[in-house]
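**Q** Pasting in a structure now, in structure tokens, and then I'll have a few things to ask.
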Amino acid sequence: MRIVTVIGNRPQFIKAAAVSQLLRAEHSEILVHTGQHYDDELSEIFIRELGLPRPDRELGIAGGTNTSQTSRQLAALELVVGEITPDLVLVYGDTNSTLAGALAAAQAGIAVVHVEAGMRSFDRTMAEEVNRVVTDHLSTLLLCPSQVAVDNLAREGVLGTVELVGDVMADIARLMAPRARERTQALAGWGVEPGGYVLATAHRAANVDDPQRLALLVDLLTAIELPVVLPLHPRTRARLEQAGLLGALESAPTVEITPPLGYLDFRTLLCSARAVLTDSGGAQKEAYFAAVPAITMRDRTEWVETVETGWNVLVDLDKDAALAALERPLPSEHPELYGDGHAAARVVSAISSISALGS
Ligand code: UDP
């Protein structure tokens, strides 16, 4: 089959890296990069480190509001899909690129495969939630990372075929774990010791776009007594600068700001951290894979299993709750929640059987 895969941002490069090579062994894949994340730190490095094939098309569409970005991507993808006439379009996760890819395909009468289907935060103020819900309802084949995702889709009565495949990010995490572990000595470069620091990331619109919330975030990060390594997302850096808050963070003696890191550096830091303090979906999960506790700076999460098993605590931007969460003992159980590291193979075999679905 001829398959157009649409990717656009950092987590999608990681997810596509897990699937692309296996997919190409059986099908012809045309990788289309919308351009949502375009700089080296958020894009190129993942192609180099994770062996993601170089995109065949780069649309160069970034910036603007979610609506404007999605609509420009949709218009460009309509042309790509019209020209390539693929048998199906494969999309990942919950970004504007996901929605634009799914909609362009559905409107052209082409089957949509959604990897990481069924995730819900039940918070429709999040652009990502809107993207997920609409994409799932447009999809022909919905490939879920967890049983909770399957159950969510059953409740919503989606029309497509739903399958539990596991989490493709877990595949990459397993694959890269030995290399990340070998690099523990690199921690000295960030001035930290194993188990003696917190790895933090923050970039969700709800935390960084409102200056008052951003001030709470700075307050929380600077209240932690342990060293905090903070690979700073460009969006967050820009918002901190606009709000005049970057200086407070830069001058905090415990906060070590770094540029966004490559996958390996990030994993190396994550695996040896005392805790991961984050508003990222991917980082919550990766903390779980590495059996490192997560403290999530949101009031809900799609990855509910991590909370139910006690490995993740939702603190929103409540400083005291975050400090208390850091003191919690580790849970004694660590069940395998997101598959056995072979989710990508299941994605490919589900795709290969799609012609039998009569799409
Ligand atoms: N990540 C990285 N370097 C960083 C921060 C994150 O490689 O400096 C990786 C990490 O593996 C994480 C993934 O990017 O799981 C997703 O990141 P992001 O927080 O951008 O997206 P989200 O998961 O919130 O959609």
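Read-outs throughout are calculated quantities, based only on the coordinates presented, and are distinct from any laboratory measurement. This structure is a prediction, so every number in the text was calculated from the model and none was measured. Ideal geometry is used to build each Cβ from the backbone, glycine not excepted, and the neighbour counts take in all protein chains shown.
**Q** Taking a quarter of the surface of the Cα convex hull of region 130-169, what do you get in nm²? Don't skip to the end; give the middle numbers.
**A** Working: hull surface 11.0 nm².
Average of the hull's projected areas for region 130-169 equals 2.7 nm².
**Q** Right, next: Please list the equivalent ellipsoid semi-axes of region 183-305, computed as the square roots of five times the alpha-carbon gyration tensor eigenvalues, in descending order and whole angstrom.
**A** Working: eigenvalues 93, 62, 29 Å².
So the equivalent ellipsoid measures 22, 18, 12 Å along its semi-axes.
**Q** When each pair of different Cα atoms in region 280-359 is counted once in the 1/r mean, what is the Kirkwood radius in angstroms, to one decimal?
**A** Mean inverse Cα-Cα distance, inverted, gives 14.5 Å.
**Q** Just the number, please: Stokes-Einstein D of region 169-227 in µm²/s, Kirkwood Rh from C-alpha pairs, 20 °C, 1.002 mPa s.
**A** 152
**Q** Cut-off is 10 Å between beta-carbons; in what order do LEU230, LEU217, LEU330 appear when sorted fewest neighbours first?
**A** Ordered from fewest to most neighbouring Cβ atoms within 10 Å, LEU230, LEU217, LEU330 come out as LEU330, LEU230, LEU217.
**Q** Over region 238-290, what lengths in whole Å, largest first, do the semi-axes of the equivalent ellipsoid take, defined as the square roots of 5 times the eigenvalues of the alpha-carbon gyration tensor?
**A** They are 24, 13, 11 Å, listed largest first.
**Q** If you don't mind, another one. Can you list, largest first and rounded to whole Å, the semi-axes you get for region 1-139 by taking the square root of 5 times each eigenvalue of its Cα gyration tensor?
**A** Listed largest to smallest, the semi-axes of region 1-139 are 20, 18, 15 Å.
**Q** Within the P(r) computed for the chain, what percentage of the Cα pairs occupies the region above 37 Å?
**A** Result for the distance tail: 15 percent.
**Q** Pull out a ≥ b ≥ c, the square roots of the eigenvalues of the alpha-carbon gyration tensor of region 49-120, then state rounded if a/c is under 1.5, prolate if not and a/b is larger than b/c, and oblate in the remaining case.
**A** rounded
**Q** What translational diffusion coefficient, to the nearest whole µm²/s, does region 117-211 have by Stokes-Einstein, given a Kirkwood radius computed over alpha-carbon pairs, a temperature of 37 °C and 0.692 mPa s viscosity? List each step's numbers first, then the result.
**A** Numbers: Rh = 16.5 Å.
D = 199 µm²/s.
**Q** Label GLU336 and ALA188 with points 7 Å out from Cα along Cα→Cβ: what is the distance between them in nm?
**A** Spacing of the two 7 Å Cα→Cβ label points: 3.7 nm.
**Q** At a 10 Å Cβ-Cβ cut-off, how would you order LEU323, LEU79, fewest neighbours first?
**A** Neighbour counts put them in this order, fewest first: LEU79, LEU323.
**Q** If you take the Cα Rg of region 258-325 and divide it by 2.2 N^0.38 Å, with N the number of residues, what do you get?
**A** 1.05
**Q** Taking the chain as a Gaussian network, Cα atoms linked when under 10 Å apart, which of ALA200, ALA177, ALA18 shows the biggest mean-square fluctuation?
**A** Looking only at ALA200, ALA177, ALA18, the largest GNM fluctuation is found for ALA177.
**Q** How large is the helix-only mean residue ellipticity at 222 nm for the chain, computed as the sum of -39500 (n - 2.57) over DSSP H runs with n ≥ 4, divided by its residue count, in deg cm²/dmol to the nearest 500?
**A** Details: 16 runs with 163 residues, N = 359.
Helices in the chain give a 222 nm mean residue ellipticity of -13500 deg cm²/dmol.
**Q** Can you tell me the alpha carbon radius of gyration of region 193-248 divided by the globular rule-of-thumb value 2.2 N^0.38 Å?
**A** 1.13
**Q** Arranged by the count of other C-beta atoms within 10 angstrom, fewest first, what order do SER71, SER43 take?
**A** Placing the least packed residue first, the sequence is SER71, SER43.
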